[in-house]
Amino acid sequence: MSQEFSIAHAKASVMVYDEKMKKWVPSGGMNGFAKVHIYQHATNSTFRIVGRLLQDHSVVINTALVKGLRYNVATPTFHQWRDQRQVYGLNFAVKQEADEFGKAALGALEQLASGQVAPPPQVSGNIHRSQQERDEVAQRQKDTEEQRQREVEMLRQRREEIRQREEEQKRMEIEAELKRQEELRKQREAEEKARQERVEKERIERELQVERERTLEQERELEKLQREMEEQEADLRRESELLHQSAMAEQVRQVERRPNRGPPPAAPERKSSVPPEDNVQNGASPPPSVTI
């Protein structure tokens, strides 16, 4: 035998507040009125609100009234409260039913706050529940099971969302790592290219420096050779002059030693001992001077 009793009921549309869309939406995704009960457990002294759609008896709300919960009568026909999961709203069809339902909900919360919960109206133990009551008990059990299944499905969906977010995060991390490695590779390639260009530039500069030094050395050797040639030419000229002077002096001495028999013979024709200019300029050694 069930230990829960309905202490209030009303016809109302059950709503939940969608935090993402920032608006009220029908609970369970279906519009329509539901029969909403406040049940009190006789043994545990607990309360819960359960609602089933009138058209298909599907459970659209099954939540507990606990100590500290704030039940807000926003308008005469719209009440709302929040539990640990979401915000609920009841849009009542009749104001009188809304008043009675709100009074029962607030009374239950007051009892929970005080710690003294009055027992629900008792039914004689000798009178068996009617078939309708047994049906309601069976329906509540079915509602509880459906609510449990919805919670399991919500938990599965939540886990699936978490798994997808984790996979997406891992994918983004892998892409970021690949991008970072690609940037490092390009950076290393650019550094290696710059290093090779620097090494090549230094090699070319060294070769140019060696070439410049070789050219300077050749120029110095050429200048030295030119000076030696000029010195040789000067020496040859001095030697030629000395030979010419020596020959002239020898002729004078011979004339002086001859007897005075007439006019002295004409001086012999002197061939130039200076080598041709072309030969000197071309670097050829001049022939020795000869005097006849």
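Structure notes:
- Local electrostatic count, K201, Cβ distance below 12 Å [Lys/Arg +1, Asp/Glu -1]: -1
- Accessible surface of the stretch 1-51, 1.4 Å probe, proportion on carbon and sulfur as whole %: 53
- In sequence order, the stretch 218-231 has phi-based couplings of 5, 5, 5, 5, 5, 5, 4, 4, 5, 5, 4, 5, 4, 5 Hz under the Karplus curve 6.51 cos²θ - 1.76 cosθ + 1.60, θ = phi - 60°, and Gly or Pro positions carry x.
- Straight-line cross-link reach from K193 at under 27 Å between alpha-carbon atoms covers these lysines, not counting any fewer than eight positions away in the same chain: K179, K201.
- Computed on protein heavy atoms with a 1.4 Å probe, the accessible areas place F101, F33 in the order F33, F101, largest first.
- Restricting the stretch 1-98 to GluC sites (Glu not before Pro) that sit in a DSSP loop and have at most 11 other Cβ atoms within 10 Å of their own Cβ leaves E19.
- Taking trypsin sites (Lys or Arg not before Pro) across the stretch 1-70, the ones in a DSSP loop with at most 11 further Cβ atoms lying within 10 angstrom of their Cβ are K20, K22, K67, R70.
- Accessible surface calculations at 1.4 Å, restricted to protein heavy atoms, place the stretch 1-42 at 55 Å² per residue.
The values are calculated or read from the model by the stated rules, or taken from the named source; none is laboratory data. In this text, all values refer to a predicted model and were calculated from it rather than measured experimentally. Note that each Cβ is placed from the backbone with ideal geometry, even for glycine, and that neighbours are counted across all protein chains shown. To get the accessible areas, we keep the full protein, side chains included, count just its heavy atoms, and leave off ligands, DNA and RNA. Shrake-Rupley method; radii C 1.70, N 1.55, O 1.52, S 1.80 Å.
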